[in-house]
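Peer 1: Take a look at the following structure, please.
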Amino acid sequence: MNESKKKSNLGSGRIAVRLLGALKPYWGLALLCLLVYAGSRGLFLFTPWVEGQFLDRVFGEKDVDYLFILVGVWFGIAFATYLTSLGTGYFVSKITGQTRRDMQLKVYQHLRFLPCRFYDNHTTGQIMAYVNTDTGAAAEGILASGWIVAGGVEFVITLVVVFWVNPWLGLFSIPFTLAVVYLPVLFRRPVQNASKQVLQERESISSRLQEGIAGSREIKSLGHEMRDMGFIGGSLNTLVRAEVRQAVIGGLTALGPLASWLGNPLFFFIGGKMVIDGDISVGFFWMATRYLNLLTFPLYRCQNEYQKLLRAGEGAKRVFAFLEENPTETQDGITGINLQGKVRFEDVTFGYNETEPVLENVTFEVQPGQLVALVGPSGAGKSTLLNLIPRFREPTQGHIYVDAHDISTLNLRVLRSQMGTVFQDPYLFSGSIEENIRMGARHPERVRQDDIIAAATAANAHSFITQLTDGYATEIGERGIKLSGGERQRIAIARVLLRNPKMLLLDEATSALDSETERVVTEALERLMKGRTSFVIAHRLSTVLNADVILAMENGKILEAGTHQELLTQDGLYARLYHLQFATSG
Ligand SMILES: Nc1ncnc2c1ncn2[C@@H]1O[C@H](COP(=O)(O)OP(=O)(O)OP(=O)(O)O)[C@@H](O)[C@H]1O
Ligand SMILES: [Mg+2]
């Protein structure tokens, strides 16, 4: 379920204020930008006056000298306007680029510190949509809010000029300008709804696309290419429809032009009659018409930007909701400790949801350096138990201690830095083999080449790496796709060796490796486990035989604990599993 759908109810005004808050670090630049823009528009306000003078003095009085002056003034205004608009463009792109970056970084940083729980409930595509589409939309909202402020400033300057030229003209313009401002606010709801739908469609396309790429092997083998195309095609069509609806609704509710449809004819009628009666000159009539239109220009701009703000507001709401509704893992807690690796579970209960416990009243203790083998049928809770130790999940009841420390009091980074994990199907990052091994260290940039080779050698990976054409520089593709399962595991083992952790969490590969690979991997693992408290989800006979303690689990409970011999004589769960699984696995 996408949590952002139960969004907080922020109005567009509050959204605009929050978005403008993002400009805070750049207020100096923003102010400069506003001044340059105001200068540019202010200069432009002279043009109706120049035109009026042209009609009355040059044409009316046939003043040739004045013609030269006016041409010069016009040229000066045009050139200065060009320069100032260049400046505005530069500042605007700089400010929007930086605010967009800030927002994306904030979202990404938030994402980095979210607990595993969040990732259970959101698809990668949804998350990508938060970082890209939604923050992009929100950044447009910042720009739109900025333009609304600029439009407001320009309107006030223009209004002052209009009143200064003729107060009656100013009064005449007011009802029409109010219409331009008020109508789009009145019709904001449909625009918001249409925008919301566009963003939801983009999110669902992003999800589908990501799954289509990640699952491309499965889609091929199932022969579902056309079906997948059909889904994407359908979503794209819905998006186009939503976007068209958004544009149409936007156009319909932008009723600003109505003001000039009604205002101009009325003014032509009144003003035209005054010219005929000799009350005002042709030049004045022309200047007044132009000023009335100049007055509506910033309002149209505000109206357009307001439409954009409504659209962007939906993106911003999603971003704000994402940041507020998903709390990150705390970065507080005890630091500066060096753990020995004694582990104690005290009456630990845990469930992924409140109703169904997956682990119940788990209690055991392990001495530093011991090897603990977890065995049990599928779904017994073995991986879940492992995930509690680095606090990927938090117990709902009970306590876990490492040495004398309740792990809930320790700083997460410190706790996790003392642990190494090798999963069944370890994730390798795109990049070279060397980069992937180096990443295991606490300070990757300080690791020497020799250390990497030593770790790879201990992990029985050196010989296969040197046989590759590019050796350690070999690019392994996304998820290490260019390597075999056994090779990937050994790279992951080298990665953990470089880390040299006090505790080890290991999910042995269930897939049958050939006996030679099995031997080199097992050898590497044994070297890795030496001298570290190791929790291993065991699928190999050698592991259970070597284990100091075997924990036999079923339905989230530890039913038996002891060595291989002790548990065999009990003739319970372990003995049953042993005969079914381990005795035959070699
Ligand atoms: N992220 C999750 N959200 C909800 N339920 C989960 C989640 N992960 C596991 N479960 C449930 O918790 C139970 C225990 O799962 P767990 O992965 O710990 O079993 P396991 O003993 O490791 O099994 P296997 O040997 O198949 O790996 C299962 O019933 C599973 O459906
Ligand atoms: Mg498991």
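The values are calculated or read from the model by the stated rules, or taken from the named source; none is laboratory data. Worth saying up front: this structure is predicted, and the values here are computed from it rather than measured. For neighbour counting, all protein chains shown are included, and Cβ atoms are generated from backbone atoms with ideal geometry for every residue, glycine included. Accessible surface areas use protein heavy atoms only, side chains included; no ligands, DNA or RNA. Shrake-Rupley method; radii C 1.70, N 1.55, O 1.52, S 1.80 Å.
Peer 1: Mind checking which residues of region 404-424 are open to solvent by 20 Å² or more (accessible area, probe 1.4 Å) and under 16 Å from Leu504 (Cα atoms)?
Peer 2: Let us first name the residues in region 404-424 that are open to solvent by 20 Å² or more (accessible area, probe 1.4 Å), namely 404-406, 408-409, 413-414, 416-417, 421, 423-424.
The answer is Arg413, Val414, Arg416, Ser417, Thr421, Phe423, Gln424.
Peer 1: Another question, if that's okay. Listed residues Phe392, Phe350; which is under 22 Å from Cys116 (Cβ atoms), touching a strand residue (DSSP E or B) at 6+ places or on another chain (Cβ under 8 Å), within 16 Å of ligand 2 (Cβ to nearest atom) and among the hydrophobic types (A, V, I, L, M, F, W, C)?
Peer 2: Values: Phe392 fails: touching a strand residue (DSSP E or B) at 6+ places or on another chain (Cβ under 8 Å).
On inspection, the qualifying residue turns out to be Phe350.
Peer 1: Of the residues that make up region 443-454, is at least one over 25 Å from Val402 (Cβ atoms), crowded, with 22+ Cβ neighbours inside 10 Å and assigned by TED's automatic domain parsing to the domain that holds Glu516?
Peer 2: Yes, region 443-454 has at least one match.
Conditions (1) outside the structural domain of Asn387 (by TED's automatic domain parsing); (2) of a type in the set (D, E, K, R); (3) within 16 Å of ligand 1 (Cβ to nearest atom), marked per residue:
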| site | (1), (2), (3) |
| --- | --- |
| Arg490 | no, yes, no |
| Arg495 | no, yes, no |
| Lys530 | no, yes, no |
| Arg540 | no, yes, yes |
| Leu559 | no, no, yes |
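Peer 1: Of all residues in region 319-372, how many are in contact with an Asp or Glu (Cβ under 6 Å, 6 or more places away or on another chain) and within 24 Å of Thr384 (Cβ to Cβ)? Talk me through it step by step, then tell me what you get.
Peer 2: Let us first name the residues in region 319-372 that are in contact with an Asp or Glu (Cβ under 6 Å, 6 or more places away or on another chain), namely 319, 325, 339-340, 342, 344, 349, 361, 363, 370-371.
Now restrict to residues that are within 24 Å of Thr384 (Cβ to Cβ): 339, 342, 344, 349, 361, 363, 370-371.
Adding up the residues that qualify gives 8.
Peer 1: So, one more: Among the listed residues Val362, Val358, identify the single one that is within 13 Å of ligand 1 (Cβ to nearest atom), open to solvent by less than 10 Å² (accessible area, probe 1.4 Å) and either in contact with a Gly (Cβ under 8 Å, 6 or more places away or on another chain) or modelled with pLDDT under 95 (or both).
Peer 2: That would be Val362, the only listed residue that is within 13 Å of ligand 1 (Cβ to nearest atom), open to solvent by less than 10 Å² (accessible area, probe 1.4 Å) and either in contact with a Gly (Cβ under 8 Å, 6 or more places away or on another chain) or modelled with pLDDT under 95 (or both).
Peer 1: Being surrounded by fewer than 18 Cβ atoms within 10 Å (Cβ to Cβ) and at pLDDT 90 or above narrows it down to one residue among Phe75, Phe59; which is it?
Peer 2: Numbers: Phe59 fails: at pLDDT 90 or above.
So the residue among Phe75, Phe59 that is surrounded by fewer than 18 Cβ atoms within 10 Å (Cβ to Cβ) and at pLDDT 90 or above is Phe75.
Peer 1: Moving on. Please go through region 524-544 and pick out each residue that is over 19 Å from Gln367 (Cβ atoms) and either open to solvent by 80 Å² or more (accessible area, probe 1.4 Å) or not in a helix (DSSP H, G or I) (or both).
Peer 2: First, the residues of region 524-544 that are over 19 Å from Gln367 (Cβ atoms): 524-525, 527, 537, 539-542.
Hits for region 524-544 are Arg527, Ile537, His539, Arg540.
Peer 1: Return yes or no: is Thr384 open to solvent by less than 60 Å² (accessible area, probe 1.4 Å), more than 16 Å from Glu365 (Cα to Cα), in a strand (DSSP E or B) and in contact (Cβ under 8 Å) with a residue 24 or more places away in the chain?
Peer 2: Values: open to solvent by less than 60 Å² (accessible area, probe 1.4 Å): yes; more than 16 Å from Glu365 (Cα to Cα): yes; in a strand (DSSP E or B): no; in contact (Cβ under 8 Å) with a residue 24 or more places away in the chain: yes.
Answer is no for this residue.
Peer 1: So, one more: With a cut-off of at least 1 residues that are over 29 Å from Arg416 (Cα atoms), hydroxyl-bearing (Ser, Thr, Tyr) and without any contact (Cβ under 8 Å) to a residue 24 or more places away in the chain, name the helices (runs of 4 or more DSSP H) lying wholly within region 52-147.
Peer 2: On the way: elements: 64-112, 116-121, 124-129.
Fully inside region 52-147 and qualifying: 64-112.
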